[in-house]
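The block underneath contains the structure these notes are about, expressed in C-alpha cells.
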Amino acid sequence: MSLAARSIPPMHALAAFESAARLGGFAAAAEELCVTPSAVSHRIRQLEARLGLALFDRAPSGVRLTSAGRRYLDSVREAFAKLSQGGGEMAAERERLRISVPPTFARQMLMARLPEFLARHPEVEVTVNVALPLDGTTTESSDLAVRWLDRAPVAALVDKLFEDELVVLSSPGYCRRLALREPADLERAELLRSELLPWRPWFAAAGLDWPEPQRGSVLNDLGMLLEVAACGLGVALCTRRIAAAWLDAGRLLSPLSLAAPSPMAYYLVADAAAARRPAVTGFAAWLGEALGAN
C-alpha cells in the first residue's frame, strides 16, 4: 500500500464527520447515511484516532465541533467540492435506476411509455427486472418496485398508480357459444382463476352469493390469464386497463355490462435511501403522470 493510500482517511468516516457537523448531531447524520447512530459515532472516533485530534466535544446535551473540528471541516468540504466538480459529469452519465415490476405490468403498462421517460432524462440509465406481483420477489435488487397489492404497503415512498375496475372477459366465439348476457349465465361457463384476482368481489357486485370457484384452470400471471381467455378456453376476470390491448384488438370482449371496483391495485414503492434520489422521485412523478393521462 502506498504512503498516500495510508494517509487518506476512509471515505465513510469523512462522510460521517461532514454529515454530523452539518446536521448538528450523530442521530441526524445516521438517518441521512442510512446507518445507526452508533455506527456514525464509531466512524468519527476512528477518524479522530487516525488524525490524533478531537473533532467533537461530547456532552449529555449533544455534540459540537471543537476548534480543530471546525478547521478540519473546512478541509473536508473543500476536498468534497473538488471531487464533486471533477466527477459531476461522469456521475451523471452513470446515474442508474433499477426498477422491478410484475411481468404483465411491464408488457402492458410500462414498456410502451418508457421511451418517453428516457427521452426526457438521457442522463438516467433504466434497468427493468421482472418480479413476482404479490411479494415483489426478484433475483435483482431495485431502487423502485411496482407491487400488486390489496392495500398500501409501508414504505418511505408509496404511490397508488391508478384506480381500476373488474370486468368479465371472453373471446367473441366463446361468448356466442355460451350466449353470455346476464351474470347468472356464468354458471355454465368455465371460470378461469388466478390467485392475483379473486372472483368473489365481482360476484358480490352482481348480487350472486357464489363461493370462489374451485375448478377451472389457475394462472399465476394476468397476461397468461388473458391469453387463455382469448384462445376460447374460458371466461376471465381482470381489470379493464390491464386487458386494454386484448379489448382494443377484439381478441376479448366484455359481454356483461357490470363492472366492480378492483380490490387490488398497483403501488410504486421505494425505501428511504432510494426515495432521496432525484432519479427515483423523478421517475415516480413521471410514471404517475403517464398512467394518469390515459
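The values are calculated or read from the model by the stated rules, or taken from the named source; none is laboratory data. Computed from a predicted model, the values in this text were never measured in an experiment. Methodologically, a virtual Cβ is constructed for each residue, glycine included, from the backbone with ideal geometry; neighbour enumeration extends over all protein chains shown.
Structure data summary
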quantity: Residue in segment 225-243 that is touching a Pro at 6+ places or on another chain (Cβ under 8 Å), touching a residue at least 60 places away in the same chain (Cβ under 8 Å) and either part of a helix (DSSP H, G or I) or among the β-branched types (Val, Ile, Thr) (or both) present; calculated: no
quantity: Candidate set: segment 251-282, residues that are among the charged types (D, E, K, R) and under 21 Å from residue 161 (Cα atoms); chosen: the one nearest to the chain's Cα centre (by Cα); calculated: 271
quantity: Residue check for residue 68: of a type in the set (Gly, Ala, Ser), surrounded by fewer than 16 Cβ atoms within 10 Å (Cβ to Cβ), closer than 30 Å to residue 292 by Cα and at pLDDT 85 or above; calculated: no
quantity: Any chance residue 230 is farther than 15 Å from residue 260 by Cβ, in contact with a Leu (Cβ under 6 Å, 6 or more places away or on another chain), of a type in the set (A, V, I, L, M) and crowded, with 16+ Cβ neighbours inside 10 Å; calculated: yes
quantity: Residue list for segment 270-294, restricted to those being of a type in the set (S, T, N, Q) and either outside any helix (DSSP H, G or I) or crowded, with 17+ Cβ neighbours inside 10 Å (or both); calculated: 294
quantity: Filter result for residue 130 (in the same structural domain as residue 272 (by TED's automatic domain parsing), surrounded by fewer than 19 Cβ atoms within 10 Å (Cβ to Cβ), β-branched (Val, Ile, Thr) and touching a Ser or Thr at 6+ places or on another chain (Cβ under 8 Å)); calculated: yes
quantity: Test: residue in segment 169-183 that is at pLDDT below 90, surrounded by fewer than 18 Cβ atoms within 10 Å (Cβ to Cβ) and in a helix (DSSP H, G or I); calculated: no
quantity: Odd one out for residue 202, checked against (1) within 16 Å of residue 259 (Cβ to Cβ); (2) touching a residue at least 60 places away in the same chain (Cβ under 8 Å); calculated: (2)
quantity: Residue match in segment 235-246 (condition: of a type in the set (A, V, I, L, M, F, W, C) and farther than 25 Å from residue 130 by Cα); calculated: yes
quantity: Filtered residue count, segment 15-51, keeping only those that are buried (at least 19 other Cβ atoms within 10 Å of the Cβ), under 31 Å from the mean Cα position of the chain (by Cα) and in contact (Cβ under 8 Å) with a residue 12 or more places away in the chain; calculated: 6
quantity: Flag for residue 155 being surrounded by 14 or more Cβ atoms within 10 Å (Cβ to Cβ), more than 21 Å from residue 239 (Cα to Cα) and in contact (Cβ under 8 Å) with a residue 60 or more places away in the chain; calculated: yes
quantity: Residue 166 being modelled with pLDDT of 90 or more and either part of a strand (DSSP E or B) or charged (D, E, K, R) (or both); calculated: yes
quantity: Residue within segment 236-248 that is hydroxyl-bearing (Ser, Thr, Tyr) and within 26 Å of residue 116 (Cβ to Cβ) present; calculated: yes
quantity: Residue 248 being within 30 Å of the chain's Cα centre (by Cα) and in contact (Cβ under 8 Å) with a residue 60 or more places away in the chain; calculated: no
quantity: Candidate set: segment 247-262, residues that are out of contact with any strand residue (DSSP E or B) (no Cβ under 8 Å at 6 or more places or on another chain) and not basic (Lys, Arg); chosen: the one farthest from residue 142 (Cα to Cα); calculated: 257
quantity: Single condition residue 54 does not satisfy, out of (1) touching a Gly at 6+ places or on another chain (Cβ under 9 Å); (2) closer than 20 Å to residue 272 by Cβ; (3) surrounded by fewer than 17 Cβ atoms within 10 Å (Cβ to Cβ); calculated: (2)
quantity: Candidate set from segment 202-226 (those that are surrounded by 16 or more Cβ atoms within 10 Å (Cβ to Cβ) and in contact with a Phe, Trp or Tyr (Cβ under 8 Å, 6 or more places away or on another chain)); member that is farthest from residue 148 (Cα to Cα); calculated: 210
quantity: Cβ pairs under 6 Å, 6+ apart, first in segment 273-294 and more than 13 Å from residue 126 (Cβ to Cβ), second in a helix (DSSP H, G or I) and β-branched (Val, Ile, Thr); calculated: 274/280
